[in-house]
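The values are calculated or read from the model by the stated rules, or taken from the named source; none is laboratory data. As the structure is a prediction and not an experimental result, all values here were calculated from the model. Neighbour counts run over all protein chains shown; Cβ positions are idealised from the backbone, glycine included.
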Amino acid sequence: MLTSGIILLAGSLLEPNPGLIFWTAVTFVIVLLILKKVAWGPILGALDEREKGIQSSIDRAHQAKDESEAILLKNKQLLAKADAESDRIIREGKDYAEKLRADFTDKAQVEAKKMIASAKDEIEQEKRRALDVLRNEVADLAVKGAEKIIKTALDADMQKKIVDTMIQDLSTKRN
Amino acid sequence: MAIIKVFAVLLPLLLSGYGIAAASSESSSGASGNMAVTPAVEAVHGGVEAAPEEEKAGAVIMHHILDNHVFSFEPFGSVELPRLSLPAAVPVLGGLDISVTKHVVMLWLVSALLLIVFSVVGLKYKTLSSRQAPKGLANAIEALVDFVRLDVAKSNIGHGYEKHLPYLLTVFFFILFCNLLGLIPYGATATGNVNVTLTLSIFTFFVTQTAAFKAHGVKGYLQHLTAGTHWSLWIIMVPIEIIGQFTKPFALTVRLFANMTAGHIIILSLIFISFILKSYVVAATVSVPFAIFIYLLELFVAFLQAFVFTMLSALFIGLATAHSSHDEHEAAVAHH
């Protein structure tokens, strides 16, 4: 039946040829085996390796990006912390200066008051001393007048006149 | 569209082929079948004299397309190829006619070319470090290899595609080189011979079946044949599924063979129009421009058909290895 089929189809496009099938099979299998060893192994290996290389590069790049972002965040935090610190220091300095200034003014005021008080005391003392001196002077003058009166005569009119003139003298002298 | 065109061209040639075969077997008895065709060729080439020219054109076209025991380099002469047969002692295949024909020579040329090109490329890749980009030939081949690897194998087979890559790559480049060598003057298209495409399809068939057995085991394979239907439908489903297993390689066989043959027949027919009409005007305005156009189309088809064969092989392997238990489970749930 097979041979009759071959004869029927001989010379046409569908002509069966077992020899050609045999050679195709043998050739193809040999080519497949050789190419598998010679070409597909190295080429596919290289492609796989490159694919993995690219993937790992991408992974590394992503990792580096994440890391740098983390570092940036950390830097920002550090910067904010430093800012806050400097703010605090400045504020503290200001406060301290304010306090110091207040202290100094208080002290100065106290000092001034003290000085004023002592000056007043001194003035008072001087005044008292001056009054004392004046009182002594007046007493001396009175004693001297009395002496003069006694010395001249014990004339009443005279005495009266003398005292009046003395007092007049005294008042003019004082003014 | 394309398939309809191919059949429109092929059908008359298939029929005329029978006529020629009958005529040649009558005129020459058996052994030297090519003797009958050769005078016809000479007649056409040496000037058209005899009466039925259309028939002669058909004979010449068939002579170009069909396999032959003579590798002819007209007008420089021809080489008679050796006729061999397996020794009778070989089991099963004993006494088989294994004559080296034109297409066998083309297969060997293709194989030699493949081995040379890919040894060179493979050697380059062995010396190439992963930090260097490939250049020149290696780069060109890599584009095709990567295409087959990702767009054909990985996208159709999915998990475990690496196992089938050597077969798919070899079949792709084997068919591609066969197709391209057929476009060179004096060359013949081995993939335009149904025996060659049948053999390649049988390889795909075996690879597919083996992959299916490996993926599902014998029980899963047999379950696959029932397509997950109710047992009462098995008497219909099982034969359909079994036929389906064989129609796939059959479709591969016919598609590649018909596509490669049709292009050559169209080119030769266009050229013979000018011989039949004996007109230089027709030759200059119709035959040559259209033949060139078809030739360029054939260049594209050479790549396309190599791709289609590989693609469908990958698809069949993918279908055979796909874990359909999930789908079946869903179908069962929907059924209840």
(message) Given the condition away from every other protein chain (no Cβ under 14 Å), under 30 Å from B:LEU150 (Cβ atoms) and surrounded by 10 or more Cβ atoms within 10 Å (Cβ to Cβ), answer yes or no: does some residue in the stretch A:46-58 qualify?
(response) yes
(request) Kindly indicate whether A:ILE54 is out of contact with any Leu (no Cβ under 7 Å at 6 or more places or on another chain) and farther than 19 Å from B:LEU176 by Cβ. (result) yes
(request) Out of A:SER57, A:SER68, report the one residue that is of a type in the set (Ser, Thr, Tyr) and more than 32 Å from the chain's Cα centre (by Cα). (result) A:SER57
(message) Quick check on my filter: what residues within the stretch A:1-34 are more than 7 Å from every other protein chain (Cβ to nearest Cβ) and at pLDDT 85 or above?
(response) A:VAL26, A:VAL29, A:ILE30, A:LEU33
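Can you go through B:ASP146, B:ASP151 and tell me which one is acidic (Asp, Glu), more than 12 Å from every other protein chain (Cβ to nearest Cβ) and either part of a helix (DSSP H, G or I) or touching a Ser or Thr at 6+ places or on another chain (Cβ under 6 Å) (or both)?
Of the residues listed, the single one that is acidic (Asp, Glu), more than 12 Å from every other protein chain (Cβ to nearest Cβ) and either part of a helix (DSSP H, G or I) or touching a Ser or Thr at 6+ places or on another chain (Cβ under 6 Å) (or both) is B:ASP151.
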(message) Checking the conditions here, which among A:LYS37, A:LYS65 is surrounded by 10 or more Cβ atoms within 10 Å (Cβ to Cβ), among the charged types (D, E, K, R), more than 7 Å from every other protein chain (Cβ to nearest Cβ) and within 30 Å of B:ASN139 (Cβ to Cβ)?
(response) A:LYS37
(message) For the stretch B:107-135, give me each residue that is assigned to a helix (DSSP H, G or I), within 7 Å of chain A (Cβ to nearest Cβ) and touching a Pro at 6+ places or on another chain (Cβ under 9 Å).
(response) B:VAL121, B:GLY122, B:TYR125, B:LYS126
(request) Residues being within 14 Å of chain A (Cβ to nearest Cβ), part of a loop (DSSP other than H, G, I, E, B) and either at pLDDT below 80 or touching a helix residue (DSSP H, G or I) at 6+ places or on another chain (Cβ under 9 Å) (or both): count how many of those fall in the stretch B:43-90. (result) 9
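Here's the yes/no breakdown for (1) closer than 16 Å to B:ALA306 by Cβ; (2) in a loop (DSSP other than H, G, I, E, B):
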site	(1), (2)
B:LEU165	yes, no
B:CYS178	yes, no
B:ALA188	no, yes
B:THR199	yes, no
B:PHE206	no, no
B:GLN223	no, no
B:GLY228	no, yes
B:SER232	no, no
B:GLY244	no, no
(message) Any residue at all in the stretch B:201-214 that's facing another protein chain (nearest Cβ under 10 Å), closer than 29 Å to A:GLY19 by Cα, touching a Pro at 6+ places or on another chain (Cβ under 8 Å) and surrounded by 15 or more Cβ atoms within 10 Å (Cβ to Cβ)?
(response) yes
(request) Answer yes or no as to whether B:LYS102 is crowded, with 16+ Cβ neighbours inside 10 Å, in contact (Cβ under 8 Å) with a residue 60 or more places away in the chain and not hydrophobic (A, V, I, L, M, F, W, C). (result) yes
